[in-house]
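The values are calculated or read from the model by the stated rules, or taken from the named source; none is laboratory data. Being a predicted model, the structure only gives us computed values, none of them experimental. Methodologically, a virtual Cβ is constructed for each residue, glycine included, from the backbone with ideal geometry; neighbour enumeration extends over all protein chains shown. Ligands, DNA and RNA are stripped out before the accessible areas are found, and what is left, the full protein with its side chains, is counted by its heavy atoms. Shrake-Rupley method; radii C 1.70, N 1.55, O 1.52, S 1.80 Å.
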Amino acid sequence: MLPTFDPRDTEAGSRILEDITSNAGHIQEQVLEEILTKNASTDYLKSFLNGHSDKGLFKNKVPVVDYEDIKIYIDRIALDGEPSRILTNESITELLISSGTSGGKHKWIPKTAEEGERRAFFFCLLATVQNRYLHGLNDGKALIFDLINPDIHTPGGLVLRTATASEIKNRKDRYPEVILCEDTNQSLYSQLLCGLVQRDAIVSIGTIFASGLQRIIKFFEEHWQEMSSNIRTGQMSDWITDPKCKRTVSLILSKQMPDLADSIDLVCQEKSWEGIIKKIWPRTKYVQAIITGSMAQYIPALEFYTGRLPVVSPAYVSSEACFGINFKPLCNPYDVSYTFIPNMAYYEFIPIGNHQDPNCTNSKDAHLKDHIVDLANVKIGQHYELLVTTCTGLYRYRMGDILLVTGFHNITPQFKFVQRRNVVLSIDTDKTTEQDLQNAVTIAMHILEPLGFFLLDYSSYADTSSIPGHYVLFWELQLRSNDDIPELDQVKMEKCCSLVEQSLDLEYKMLRNQSISTIGPLEIRVVKQGTFNVLMDFYVSRGTSLNQYKTPKNIKSEKAIEILDSRVVGKFYSREVPNQDS
């Protein structure tokens, strides 16, 4: 039973946090016992435990699994309409669309009413932390951008939604009506317009992912003149037809406001949009967005657009479960760690050696279970891959996230998100991970940053259409001055290519250095501004939620590659063979 408290009661919430983080090991054992007692009779667990709920038997008999291992069970429930008890004795009420993918397709994660209560408890704890450390949040309004898609119903009769849409639609009374609009363009336009009208009341701004906030700024850049005209005339644009949007905006935009429109024009007409967030919403104290993992690449852009306002990465949450809260929300964005909340799910960890490829830890390895440790036994400075067991039907499930233990709050570990357990690029025996690539790109950008450039976004693919194959990176660059991108210096761009190569691992360098190279020189293709918005539109048109969209770092869709290639303005190749000694 989860404790209950008013999220506005910071003292009560703080006492609960201190209690659960002081008893993490004991709570974790209780959580596992509850899960096994409740679900031992499910078809899945019964096949390994024969109806028993013994924790030792669970750790010895139940295998470590990937999504593909349990997809057949989820499909039976989602597609064939079979009962939830295949996986859980809690009733599955909907399926959450994970922002991660398996085989290029989104994962469907079971959710139950009880899981909704656990998530509500988690977000009450999060509110406690934010009220304690983020002073002034209650002195005005928060402009939090939320976008939802229409529901999808599976053949088995379950609703398919993102975690955000699930929260909003199950708690409609807590959200402004405009957020319930399922036309993302109308909704985003209306949310921005409401935020502009109330610009002097806004004290914080946020969205789920850092990449999403960057795209919202681009949307605003394309529409600010129209929004200003709406404010000047007191009339909303005719193309906004959704009743929810019209009702919400009409309550706020009730008269002509020419002075406000003039002040917005004055800011937006400046040549550079550096600090635009702070200039448009001058009382803003914080920006909230997830900036860990692959989102770290957007930190320089956020610092540029926000005028270096504090960027708060509040929590480590997924469709599978809520995991941890950032207890130091005002820390450097590169130093974010999350304190795990022990009563959300049962956590286990696969140790990853300092020089071990996380992609080599095969879930079918018979010895893998011998090395797994629980939350109470992780070591500071050690890397682990996270496993999760939930009441909703996930058992020893590989999240695919590699975490680093950075410290403890009381006896509860704190983790830094390091990378996903996935290979982005691969030719021959080379396997370049997302984190490897991101680190290499960050180093290479040091060549261009002194010239006023920052990287808006990037992606990649392995081009094997010729022999030898080679890696291709697509870069979208932005000038801090907001000028058009000039003709790029050939020598500097070739140096960027070489620096990316030099920053990759030894296996890549060896394959590049062979007398008959297995991998050809790395290529960077610079694309027009706005290209990654076009790419996003392509994926959203195919069903991806705008709120959960993450730029794929490894493009596999031929159509997506065509979109990127059609907007290339410059191609550059490495002219140096990488040095194997560094």
Nonlocal amide H pairs with ILE352, under 5 Å, H built at 1.01 Å: HIS383, TYR384, GLU385
- request: Would you mind calculating the gained length between LYS528 and LYS255 on full extension (0.36 nm times residue separation, minus the Cα-Cα distance), in nm to one decimal?
  value: 94.3 nm
message: Show me the chymotrypsin sites (Phe, Trp or Tyr not before Pro) within the range 489-550 that DSSP assigns to loop and that have at most 11 other Cβ atoms within 10 Å of their Cβ.
response: none
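How big is the dipole moment of the range 423-573 about its Cα centre under a simple scheme where the beta carbon of each Lys and Arg is +1, that of each Asp and Glu is -1, and everything else is neutral? Debye, nearest 20, please.
Values: 15 positive and 21 negative charges, 43 e Å.
I would put it at about 200 debye.
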Dipole of the range 161-299 [Lys/Arg +1, Asp/Glu -1 at C-beta], most positive-end residue of ALA165, GLY195, VAL178: ALA165
message: Which one, GLN478, GLY520, GLN548, is farthest towards the positive end of the dipole of the range 423-573 when Lys and Arg carry +1 and Asp and Glu -1 on their Cβ?
response: GLN548
message: Taking the Cα centre as origin and putting +1 on Lys and Arg beta-carbons and -1 on Asp and Glu beta-carbons, what dipole magnitude results for the range 222-327, to the nearest 20 debye?
response: 360
task: Report the residues of the range 164-191 in range of a label on ASP537: point 7 Å along Cα→C-beta, backbone N strictly under 17 Å from it.
output: 183-189
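Calculated FRET efficiency, THR37 and ASP173, Cβ-Cβ r, R0 60 Å, to nearest 0.05?
Details: r = 34 Å, r/R0 = 0.57.
The calculated FRET efficiency here is 0.95.
Work out, in µm²/s and without decimals, the Stokes-Einstein translational diffusion coefficient of the range 423-573 at 4 °C, 1.567 mPa s, Rh from Kirkwood over C-alpha pairs. Show your work: numbers first, answer last.
Numbers: Rh = 16.0 Å.
Result for D is 81 µm²/s.
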- prompt: If you place +1 on the Cβ of every Lys and Arg, -1 on the Cβ of every Asp and Glu, and leave all else neutral, what size is the dipole of the chain about its Cα centre, to the nearest 20 Debye?
  reply: 600
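Using the heavy atoms of the protein chains and a 1.4 angstrom probe, tell me the accessible area per residue for the range 141-284 in square angstrom. List each step's numbers first, then the result.
Working: 6270 Å² over 144 residues.
Ligands and nucleic acids excluded, the figure is 44 Å² per residue.
How long are the three semi-axes of the equivalent ellipsoid for the range 1-113, computed from the Cα gyration tensor as the root of 5 times each eigenvalue, in whole Å, largest first?
Details: eigenvalues 172, 84, 39 Å².
Taking √(5λ) for each Cα gyration eigenvalue gives 29, 21, 14 Å.
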message: Counting other C-beta atoms within 10 Å, and keeping those with at most 16, which DSSP coil trypsin sites (Lys or Arg not before Pro) do you find in the range 229-311?
response: LYS255, LYS271, ARG283, ARG308
message: Checking the cross-link filter: which aspartates and glutamates have an alpha carbon closer than 18 Å to that of LYS559, excluding same-chain neighbours under 8 positions apart?
response: ASP463, ASP537
- prompt: On full extension of the chain, what length is gained from ASN138 through PHE454, given 0.36 nm per residue of separation minus the C-alpha to C-alpha distance?
  reply: 110.3 nm
- prompt: GluC sites (Glu not before Pro) within the range 93-162: which are DSSP loop residues with at most 16 other Cβ atoms inside 10 Å?
  reply: none
Separation of the ALA201 and VAL373 label points, Cα + 7 Å toward Cβ, nm: 5.1
Radius 10 Å from Cβ of LEU147, net charge of other residues (Lys, Arg +1; Asp, Glu -1): -3
query: Whole-Hz Karplus ³J(HN,Hα) for the range 564-569, in order, using 6.51 cos²θ - 1.76 cosθ + 1.60 and θ = phi - 60°, x for Gly and Pro?
result: 5, 4, 5, 10, 6, 10
task: Identify all lysines with a Cα-Cα distance to LYS328 below 20 Å; exclude those on the same chain that are fewer than 8 residues away in sequence.
output: LYS285, LYS416
message: For a 26 Å ceiling on Cα separation, which of these pairs sit above it: LYS169/LYS556; LYS271/LYS528; LYS218/LYS271; LYS169/LYS279?
response: LYS169/LYS556; LYS169/LYS279
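State in Å² the accessible area per residue of the range 293-337; use a 1.4 Å probe, count heavy atoms of protein chains only, and round to the nearest integer.
On the way: 1290 Å² over 45 residues.
Heavy-atom SASA per residue in the range 293-337 reads 29 Å².
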query: Taking θ as phi - 60°, what are the ³J(HN,Hα) couplings along the range 240-250 by the Karplus curve (6.51, -1.76, 1.60), each to the nearest whole Hz, with x for Gly and Pro?
result: 7, 10, 5, x, 5, 5, 5, 5, 4, 5, 5
task: Keeping the other protein chains in place, figure out the carbon and sulfur percent of the accessible area of the chain, with a 1.4 Å probe.
output: 50
field: Mean projected area (nm²) of the alpha-carbon convex hull when the chain is viewed from all directions
entry: 26.7
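Hey, what does the equivalent ellipsoid look like for the range 138-255, semi-axes from the Cα gyration tensor as sqrt of 5 times each eigenvalue, largest first, whole Å? Can you show the working numbers first?
On the way: eigenvalues 130, 53, 41 Å².
The equivalent ellipsoid of the range 138-255 has semi-axes of 25, 16, 14 Å.
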query: From the residues PHE572, ASN60, TYR133, which one has its Cα farthest along the dipole of the chain in the positive direction, the dipole being from +1 and -1 charges on Cβ of Lys/Arg and Asp/Glu about the Cα centre?
result: TYR133
- request: Could you compute the FRET efficiency for ASP19 and GLN225, with r as their C-beta to C-beta distance and R0 at 41 Å, rounded to 0.05?
  value: 0.15
task: Quote to one decimal, in nm, the extra length available between GLN30 and GLN269 on full extension: 0.36 nm per residue of separation minus the C-alpha distance between them.
output: 80.2 nm
